[in-house]
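Enquirer: Attaching a single structure in structure tokens format; questions to follow.
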Amino acid sequence: MTHIDNMPHILKYGITHASSPACNPDYIPIGDGSLIGSRSAFITPAGKILGDYIPFYFGGRMPMLYVIQNGYNGVRAIWPADIVYLVCSIEQIVAHKLPFMFTDGHAVDHLSEFFGSERLKEIEKIVDFAAVKELFWKKEDDLDLKRRKEAEFLVQGDIPLPAIAGYVVYNEDAKQKLLALNVAEDKIAVRNNFYF
């Protein structure tokens, strides 16, 4: 997920991370700054800094989006039409030979495990996709649901524009903004049910 005002840079350089030579000097962050900071200090089992990976969720309507839209935990509230989902497929990440790993829950949670590319064939068994698809994440009989819902696919380094499969936006106005940036219409999906 990113702010719609970051799209011109993404359409020119792809998805870049903060330490990239092609990073966006005018990047508009939408996440939890304290969490972003902790990710920059978190060392993965592979010995790499978590903040050097571009994180993806496996689905929509994630707890972090709820925080972003409502402005909780010191996060500035963002109108849903200003939030764009960047959609990548695992097949494209593999085809572009981009290093990656994935988790079975929120990456900074001590209960979550990391898995390398050699375990990709087992991803359907490792990631709880039923949890990912849950609309809400508070259940008294499943206190671990939120962690599993937030399983992550982590790509090391920058992601070139051709590896982005498409974009999900909240409404027609957001779609028109992307069309004005010369995004092909068949790459844009309006899905307000992906938002809160």
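What follows is calculated from the coordinates using simple rules that are stated; it is not laboratory data. Computed from a predicted model, the values in this text were never measured in an experiment. Glycine gets a Cβ as well: all are built from the backbone with ideal geometry, and neighbour counts include every protein chain shown.
Enquirer: Got the relative contact order for the range 2-194 handy, in percent, Cα pairs under 8 Å and 6 or more residues apart?
Expert: Details: 304 pairs, mean separation 52.5, N = 193.
Computed over the range 2-194, the figure is 27 percent.
Enquirer: Below 17 Å, Cα to Cα, which aspartates and glutamates can residue 12 reach? Residues fewer than 8 away in the same chain don't count.
Expert: 26, 158
Enquirer: Can you work out ³J(HN,Hα) from phi for every residue in the range 21-28, in order, using Karplus 6.51 cos²θ - 1.76 cosθ + 1.60 and θ = phi - 60°, giving whole Hz and x for Gly and Pro?
Expert: Along the range 21-28, the couplings run x, 9, 4, 7, x, 10, 4, 9 Hz.
Enquirer: Another question, then. Once phi is turned into ³J(HN,Hα) by the Karplus curve 6.51 cos²θ - 1.76 cosθ + 1.60 with θ = phi - 60°, what whole-Hz value does each residue of the range 149-160 show in order, with x for glycine and proline?
Expert: 4, 8, 3, 10, 10, 10, 10, 7, x, 7, 10, x
Enquirer: Ranking 91, 134, 124, 150 by Cβ neighbours within 10 Å, fewest first, what do you get?
Expert: On the way: 91 10, 134 17, 124 7, 150 24.
Least to most surrounded, the residues fall as 124, 91, 134, 150.
Enquirer: Using Cβ contacts closer than 10 Å as the measure, can you line up 128, 173 from fewest to most? Kindly include the intermediate steps, with their values, before the conclusion.
Expert: Numbers: 128 18, 173 12.
Starting with the residue having the fewest Cβ neighbours, the order is 173, 128.
Enquirer: Against the 2.2 N^0.38 Å scaling, with N counting residues, where does the chain land? I'd like the Cα-based Rg ratio to two decimal places.
Expert: Working: Rg = 16.2 Å, N = 196, 2.2 N^0.38 = 16.3 Å.
Here the Cα radius of gyration is 0.99 times the empirical estimate.
Enquirer: Here's something else I'd like to know. Take every Cα-Cα distance within the range 92-159, group them into 5 Å bins from 0 onward, and report for each bin the whole-number percent of pairs it holds.
Expert: P(r) for the range 92-159, in whole percents per bin: 4, 17, 25, 22, 17, 9, 4, 2, 0.
Enquirer: Compute a Gaussian network model of the chain, connecting alpha carbons closer than 10 Å, and tell me which residue from 166, 105, 47 fluctuates the most.
Expert: Of 166, 105, 47, the most mobile in the Gaussian network model is 47.
Enquirer: ³J(HN,Hα) across the range 29-45 via Karplus (A = 6.51, B = -1.76, C = 1.60, θ = phi - 60°), whole Hz, x for Gly/Pro?
Expert: Per residue, the Karplus-derived 3J(HN,Hα) values read x, 10, x, 7, x, 5, 5, 4, x, 5, 5, 6, 9, 8, 9, 6, x Hz.
Enquirer: Per residue of the chain, what 222 nm ellipticity follows from adding -39500 (n - 2.57) for every DSSP H run with n ≥ 4, rounded to the nearest 500? Don't jump to the answer; show the numbers that get you there.
Expert: On the way: 8 runs with 53 residues, N = 196.
It lands at -6500 deg cm²/dmol.
Enquirer: In addition: Let's see if you can work this out: charge +1 on each Lys and Arg Cβ, -1 on each Asp and Glu Cβ, no other charges. What is the dipole magnitude of the chain about its Cα centre, in debye to the nearest 20? Before the final figure, lay out each step's value.
Expert: Values: 20 positive and 25 negative charges, 31 e Å.
The dipole magnitude comes to about 160 debye.
Enquirer: Remind me, what semi-axes does the range 118-196 give for its equivalent ellipsoid, largest first in whole Å, using sqrt of 5 times each Cα gyration tensor eigenvalue?
Expert: Working: eigenvalues 176, 80, 17 Å².
Sorted largest first and rounded, they come to 30, 20, 9 Å.
Enquirer: Just the number, please: Stokes-Einstein D of the range 2-53 in µm²/s, Kirkwood Rh from C-alpha pairs, 37 °C, 0.692 mPa s. Provide the component values of the computation, followed by the final result.
Expert: On the way: Rh = 12.1 Å.
Translational diffusion coefficient: 272 µm²/s.
Enquirer: Normalised radius of gyration for the range 1-104, please: alpha carbon Rg relative to 2.2 N^0.38 Å, two decimal places.
Expert: Working: Rg = 14.1 Å, N = 104, 2.2 N^0.38 = 12.8 Å.
Rg over 2.2 N^0.38 Å, computed on Cα atoms: 1.10.
Enquirer: Along the positive direction of the dipole of the chain (beta-carbon charges: Lys, Arg +1; Asp, Glu -1; about the Cα centre), which of 11, 108, 29 reaches farthest?
Expert: 11
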